[in-house]
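The values are calculated or read from the model by the stated rules, or taken from the named source; none is laboratory data. These numbers come from a predicted model, not from an experiment. Using ideal geometry, Cβ is built from the backbone for each residue, glycine included, and neighbour counts are taken over all protein chains shown.
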């Protein structure tokens with residue numbers, strides 16, 4: 001197979017591991033910088049050009065689209081889809097998961113456990129917004145934030161009012177969520193491939209912080225998840241329409257709650273913690289999906 005990886009840097013751990021795994025399975029693999037693609041959008045022969053040449057002959061693509069380039073990155077994925085190239089995660093599913101508000105609304109509609117969440121833009125009724133989620137302590141997030149950036153823990157109502165007021169001055173959209181105190185600064189990352197949790201790890205925040213992101217100094221360790229946690233992670237990925245996803249859970253007194261569903265989960269932490277060849281599993285899933293797709297196309301003809 002000829003596989004394209006949409007990534008801005010070949011040197012990234014996740015990109016490098018997927019390249020390595022694809023080559024070990026005997027595939028031809030190319031790393032394509034999505035922002036350097038330009039497209040001919042036409043009904044009959046849609047095409048993508050890259051570095052002065054037309055991209056041809058790809059059987060599958062693996063989108064590793066960073067949050068900051070979601071709009072253009074998903075446009076490139078859509079163009080590949082128009083060219084009948086299989087995408088590991090579809091453009092629609094990536095867009096759906098990246099919109100934090102939309103993803104939470106979809107998960108809530110399907111009955112997935114979530115922290116009590118409020119959403120606001122410029123409301124002056126901050127006391128009512130705080131009461132809506134059960135009062136302090138509470139977590140305030142910028143809707144566009146990633147990797148723990150733009151996330152604040154307000155331990156008192158007064159502090160919450162100040163932070164919300166500051167964000168209101170920036171004219172940004174914010175999420176206000178209950179603080180799951182019993183999680184004790186830990187969360188669980190479940191790595192889902194093809195409707196199965198293939199690996200999981202517990203991430204713990206550094207001392208004095210509540211954000212467990214490894215990018216922010218969090219520590220990871222192996223964890224045994226419960227059947228309910230496994231089911232929640234699989235359902236969350238399915239609701240987003242993602243074939244590969246990182247589902248972040250918190251253990252609350254009323255069961256697992258989903259914090260986020262990530263469409264481009266990093267491989268470094270989960271591979272090093274679990275000792276599993278996650279990159280190889282991704283390639284094997286693409287091989288299986290590609291075979292099934294070819295059979296389906298053959299039947300339709």
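Summary table below
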read-out: Sole residue being on the phi < 0 side of the Ramachandran plot and at pLDDT below 95, chosen from 69, 61, 32; value: 69
read-out: Test for residue 143: is it touching a helix residue (DSSP H, G or I) at 6+ places or on another chain (Cβ under 8 Å) and either closer than 26 Å to residue 253 by Cα or outside the structural domain of residue 233 (by TED's automatic domain parsing) (or both); value: yes
read-out: Among residues of region 89-113, those that are part of a loop (DSSP other than H, G, I, E, B) and in contact with a helix residue (DSSP H, G or I) (Cβ under 6 Å, 6 or more places away or on another chain), counted; value: 2
read-out: Residue within region 94-109 that is without any contact (Cβ under 8 Å) to a residue 60 or more places away in the chain, within 24 Å of residue 32 (Cα to Cα), surrounded by 19 or more Cβ atoms within 10 Å (Cβ to Cβ) and in contact with a strand residue (DSSP E or B) (Cβ under 9 Å, 6 or more places away or on another chain) present; value: no
read-out: Qualifying residues in region 226-249 (those that are surrounded by fewer than 20 Cβ atoms within 10 Å (Cβ to Cβ) and in contact with a strand residue (DSSP E or B) (Cβ under 7 Å, 6 or more places away or on another chain)) - the one farthest from residue 289 (Cα to Cα); value: 228
read-out: When residues of region 205-232 are limited to those that are part of a helix (DSSP H, G or I) and modelled with pLDDT of 95 or more, the one nearest to the chain's Cα centre (by Cα); value: 232
read-out: Those residues of region 72-88 which are in a loop (DSSP other than H, G, I, E, B) and in contact with a strand residue (DSSP E or B) (Cβ under 9 Å, 6 or more places away or on another chain), in sequence order; value: 83, 85, 88
read-out: Answer residue from region 110-138, given it is touching a residue at least 60 places away in the same chain (Cβ under 8 Å) and in contact with a strand residue (DSSP E or B) (Cβ under 6 Å, 6 or more places away or on another chain) and is farthest from residue 64 (Cα to Cα) among those; value: 116
read-out: Residues (crowded, with 18+ Cβ neighbours inside 10 Å, under 20 Å from the mean Cα position of the chain (by Cα) and more than 20 Å from residue 290 (Cβ to Cβ)) located in region 18-71; value: 34, 65, 70
